[in-house]
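The values are calculated or read from the model by the stated rules, or taken from the named source; none is laboratory data. All values reported here derive from a predicted model rather than from experimental measurement. Every residue, glycine as well, gets a Cβ built from its backbone with ideal geometry; the counts of neighbours run over all protein chains shown. Only protein heavy atoms, including side chains, enter the accessible area calculation; ligands, DNA and RNA are left aside. Shrake-Rupley method; radii C 1.70, N 1.55, O 1.52, S 1.80 Å.
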Amino acid sequence: APIPPPDLKSCGTAHVKEGVDVIYSCCPPVPDDIDSVPYYKFPSMTKLRIRPPAHAADEEYVAKYQLATSRMRELDKDPFDPLGFKQQANIHCAYCNGAYKVGGKELQVHFSWLFFPFHRWYLYFYERILGSLINDPTFALPYWNWDHPKGMRIPPMFDREGSSLYDEKRNQNHRNGTIIDLGHFGKEVDTPQLQIMTNNLTLMYRQMVTNAPCPSQFFGAAYPLGSEPSPGQGTIENIPHTPVHIWTGDKPRQKNGEDMGNFYSAGLDPIFYCHHANVDRMWNEWKLIGGKRRDLTDKDWLNSEFFFYDENRNPYRVKVRDCLDSKKMGFDYAPMPTPWRNFKPIRKSSSGKVNTASIAPVSKVFPLAKLDRAISFSITRPASSRTTQEKNEQEEILTFNKISYDDRNYVRFDVFLNVDKTVNADELDKAEFAGSYTSLPHVHGSNTNHVTSVTFKLAITELLEDIGLEDEDTIAVTLVPKAGGEEVSIESVEIKLADC
């Protein structure tokens, strides 16, 4: 069964992390006719709202955006006004930090196939509210164009102190044009700006192309009613979505990385909506790449529901199936080049094949108690020398089973093929770089021991072609911890063939 809209009457306390409650209520006001809330119908429109790249916005647009946001902040004088800035921020807090229950379990819209549709609907209503506050139905949110070198920094409109778009709780070391690291996990990388940009484009190529040839890899794991929350995140949610949150949040000064660095507080920074506009744009861009990149067709996904207030303070239920086409919703994105699309890494760390006989087999390395240093292992593939048709029918998936770690910490590790432990893990623009696993501190169900357990899957069909390992029965895999590795254990690793 699909996930239903949350029961507002039973909305409870949200949690910053296990054992630490949010000190205010994140629950929305409950409408009088809660049991008869209608489904949303799109209003008629004469032209699309076009979301512009934030770094290229002109002063007239910035002034309009600042005015709309300041008027939204003024609505906070009534703490129960659903259109107020804090009430809008609380939507994210309630859906993401354990305030809602469905089917007797905590509702979580991250780490699953709900990630993209929930945030698309969230931004849709937020954008319409802003437009209504300045009487401009054509107003569109900007997108933080971090996938293009010109946008790889905090957009200037958000970095003006005193502006309604400025947030004091940001990492002060990342202001004034500092280049963003799309793989950031709490530690600054000591690499030149050009290398960071190159790494960023490599990460984008891997997450959009190599590792997401099928819908299940892009959207995340299935999350039907009754299942445990957080079954597994999709490629873009993993990177760059989460690292951008962490890079922007004020981890140096705020205990929990507020504002952007924690789910409960992320919506209190106006840049959150700009960040998620680009995340949403990636949904459109991914489908344009082609192949089997298309929306999911599972009815449990299509019929999952959320609850929102519109710009007239009217409550509505919405379905995932109604947000698949942004143009039908009344908005689109101003086009920008996507240089990552042709940024396939071709440089290799070494020529030829690593001697897998000199590396411990997977059965001797796993189960692994802690990933506190780089490790290498050899693993046997289920089939080699596959035909083009076989590759089109089934994707080869490197699968990490039961990765366990403390969900209060930042976690990231990188995966490389056909290299040993001496690989330079700060240079990601190598053909051998397969991808990364990341996690932001979060509440995970009714977890009292703080241990999260997940499955991580990497699509490697294209990668094996690029490295020249298609005909090999056994390959070498190297894991390099970047953050929180001493807390990470992995039960087993295997390679599977999976239908798209």
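List the relative contact order of the chain as a percent without decimals, with contacts defined as Cα pairs under 8 Å and 6+ residues apart.
Relative contact order of the chain: 20 percent.
Residues of the chain: accessible area per residue at 1.4 Å, in Å²?
Here the per-residue accessible area is 39 Å².
Can you report the principal axis dimensions of the range 362-499 using only the alpha carbons, biggest first, rounded to whole angstrom?
48, 33, 28
Rounded to the nearest 10 Å², what accessible area does E491 show when all protein chains are kept and the probe is 1.4 Å?
My reading of the accessible area for E491 is about 90 Å².
Give me the percent of the accessible area of the chain that comes from carbon and sulfur atoms, probe 1.4 Å, all protein chains in place.
Exposed carbon and sulfur together represent 48 percent of the surface.
Could you tell me which of T388, N418, S436 has its Cα farthest along the dipole of the range 362-499 towards the positive end, charges placed at Cβ (Lys, Arg +1; Asp, Glu -1), taken about the Cα centre?
Going by the Cα projections, it comes out as S436.
Among T138, T438, what's the order by accessible area (1.4 angstrom probe), most exposed first?
The ordering from most to least exposed comes out as T138, T438.
Would you compute, from DSSP H runs of 4+ residues alone, the mean residue ellipticity of the chain at 222 nm, taking -39500 (n - 2.57) per run and dividing by the full residue count, rounded to the nearest 500?
Mean residue ellipticity, 222 nm, calculated: -7000 deg cm²/dmol.
Just order 478-484, 349-355 by mean Cβ neighbour count inside 10 Å, highest at the front, would you?
478-484, 349-355
Subtracting the Cα-Cα distance from 0.36 nm times the residue separation, let me have the gained length for A222 to S492 in nm, one decimal.
Result: 95.0 nm gained on full extension.
Select from the chain the helices, each a whole stretch of DSSP H, whose alpha-carbon atoms run 20 Å or more along the helix axis and whose Kyte-Doolittle mean is at least -1.0; answer none if there are none.
115-133, 271-289
Among C500, C11, C274, what's the order by accessible area (1.4 angstrom probe), most exposed first?
The ranking, largest first, comes out as C500, C11, C274.
Where does each of 403-411, 465-473 land if you order them by average Cβ count within 10 Å, highest first?
Order by mean packing, descending: 403-411, 465-473.
Rank these residues by their accessible area, most exposed first, probe 1.4 Å: L268, L203.
Sorted descending by solvent-accessible area, the residues read L268, L203.
Mind giving me the FRET efficiency for A369 and V30? R0 is 51 Å, r the Cβ-Cβ distance, nearest 0.05 is fine.
Efficiency, rounded to the nearest 0.05: 0.60.
Is there a quick way to get the dipole size of the range 226-380? I mean about its Cα centre, with the Cβ of Lys and Arg at +1 and of Asp and Glu at -1; what is the value in debye to the nearest 20?
The calculated dipole for the range 226-380 is roughly 960 debye.
Looking at (1) 37, 24, 22; (2) 47, 25, 22; (3) 43, 26, 20, which value of semi-axes √(5λ) of the Cα gyration tensor in Å comes from a calculation on the structure shown?
(1)
Among the Cys residues of the chain, which have no other cysteine Cβ under 4.7 angstrom away?
C96, C274, C323
Taking the alpha-carbon set of the range 68-109, what are its Rg and Dmax in Å?
Rg, Dmax (Cα atoms, Å): 12.8, 39.
Let me cross-check M45: its accessible surface, 1.4 Å probe, with only protein heavy atoms counted, in Å² to the nearest 10?
Here the accessible area works out near 100 Å².
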